[in-house]
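The structure appears below as C-alpha cells.
The values are calculated or read from the model by the stated rules, or taken from the named source; none is laboratory data. Note that the structure is predicted; figures quoted are calculated from it, not measured. Here the Cβ positions follow ideal geometry from the backbone for every residue, glycine too, while neighbour counts run over all protein chains shown. Quick note on the areas: whole protein, heavy atoms, side chains included, nothing else; ligands and nucleic acids left out. Shrake-Rupley method; radii C 1.70, N 1.55, O 1.52, S 1.80 Å.
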Amino acid sequence: MSRRPVRSAASTLRAAVPALAVLLPVVLSGCAPAGSPDAGTRSGTATGSGTKPAGAITIFAAASLKQTFTELAHTFEAEHPGTTVTLSFAGSSDLASQINQGAPVDVFASADTANMQKVQGAGLTDGTPEDFATNTLAIAVPPGNPAKVASLQDLARPGIKLVTCARQVPCGAATAKVAEAARVALSPVSEENAVTDVLGKVTSGEADAGLVYGTDIKAAGTKVAGVQFPEAGSAVNTYPIAGVANGRNRATAQAFVDLVTGPEGQKVLAAAGFGPGGSGPGNSDPGSSGPANPSPGSK
C-alpha cells in the first residue's frame, strides 16, 4: 500500500470559503503527484454510473473518523490507481456550515444525523445519506487517573477540571443527553468544537477528565485511560455519509462511499471500536437509534 506525503489543502478551501476560513480543519492523507492533470481539477473519467474511479476527491469527515478514514483513503488510492483523496477533519457542525457555504467537497461524513440533515435540507446531498457507524461516549482521563474519576457523577465533583464538546457538536449533544438522563449537572471548564480538541486537553494535562468517544480513547493508546459509564448507552450517535451534490467527481465520490459502507470499510471501523450503522438511510435523531458501541477502548 502506498503512503504519500501529507499535504494541507487549506489554502484551496480558504479561497472558496473565506468567511469560514478560520474553521478549516486538519487536512491529511493523499494528494495528487506534482504535475498530475487530475490534481484539484474536475475529473473527466469518472462521471457516469459504472465508470472506473479516477481523479481527485475531497472528503469532509467528523474529527472522530480521523484514524479510520485516513486508513480507508490510502486503501482507496491503492485499489484505484490514478485517484487521490484529500481528507479534511473537524467538528461536524463546522463542516456542514462550510458545505452549505459552498466549500468544494465531494463526500461528507458526519458524526450525527442532525448535521447531515442541515446539508440534506439544503439540497446538497447526492442521494440519501447512508448510516455506516455508531459511537458512544466514554470518559478520558490522564494515565493513572490522578483525580480518581470512576463515574459520570464524579465529573460533577467540586474541583474537577472537566472538558467537553460544545453542544452544537455531536459529542456535545451526546454529553448533554447523558447528563440529563443521569440528572448530573456538569460544569466544564472548557467546551471545544471538536472531540479531538477535548482529547488534547486531557493528554496535555490541562484537564482531569474529558468526555469523548470510546473510539478516541482507543486510538489514543497509552496517552489516556478510559472510564466507561452505563449512562453512555442513552446517547448513541449514528454516523451518516453521502456524496455532495455539487461535488466535482461524483462517481469517484460514490465509490468511496461504497468502500466505507461495504465489508472492507466496516471491518476497519469495527476494529477501531465503532458499532455498525444504524437503522438505514435517512436515519433518526442522534442517540435515538443504532446499536451500542462494543467495548470502546476501556483501559
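Arranged from highest to lowest average of other beta-carbon atoms within 10 Å per residue, in what order do the peptides 141-150, 200-209, 257-266, 83-92 appear?
Final packing ranking: 83-92, 200-209, 257-266, 141-150.
Want the number for S234 to T128: 0.36 nm per residue separation, take away the alpha-carbon distance, what's left? Mind showing how you got there, number by number?
Working: separation 106, 0.36 × 106 = 38.16 nm, distance 2.61 nm.
Full extension from S234 to T128 adds 35.5 nm.
Excluding ligands, DNA and RNA, what is the solvent-accessible area per residue of region 87-213 at a probe of 1.4 Å, expressed in Å²?
That works out to 35 Å² per residue.
What number comes out for the charge environment of D258, summing +1 per Lys or Arg and -1 per Asp or Glu over other residues with Cβ under 10 Å away?
On the way: positive: none; negative: E130, E264.
Once all neighbours under 10 Å are counted, the net charge is -2.
In whole Å, how far is the Cα centre of region 188-255 from that of region 124-184?
9 Å
With all protein chains present, how much of the accessible area of region 79-188 (probe radius 1.4 Å) comes from carbon and sulfur, to the nearest whole percent? Walk me through the intermediate numbers first.
Working: 1880 of 3850 Å².
Here carbon and sulfur together make up 49 percent of the probe-accessible area.
So between A78 and D258, what do we pick up on full extension, going 0.36 nm a residue minus the alpha carbon distance? Could the numbers behind the result be given before it?
Details: separation 180, 0.36 × 180 = 64.80 nm, distance 1.54 nm.
Difference between extended and current length: 63.3 nm.
Kindly list the residues of region 213-249 that lie in the label zone of T203, defined by a backbone N under 16 Å from the point 7 Å along the Cα-to-C-beta vector.
The answer is 213-226, whose backbone nitrogens lie closer than 16 Å to the label point.
Roughly how many debye, to the nearest 20, is the charge dipole of region 124-261 about its Cα centre, given +1 on each Lys and Arg Cβ, -1 on each Asp and Glu Cβ, and no other charges?
Numbers: 11 positive and 13 negative charges, 51 e Å.
Once rounded to the nearest 20, the dipole reads 240 debye.
For labels at K267 and K52 in the simple 7 Å Cα→Cβ model, what's the distance in nm?
The two pseudo-label positions are separated by 2.4 nm.
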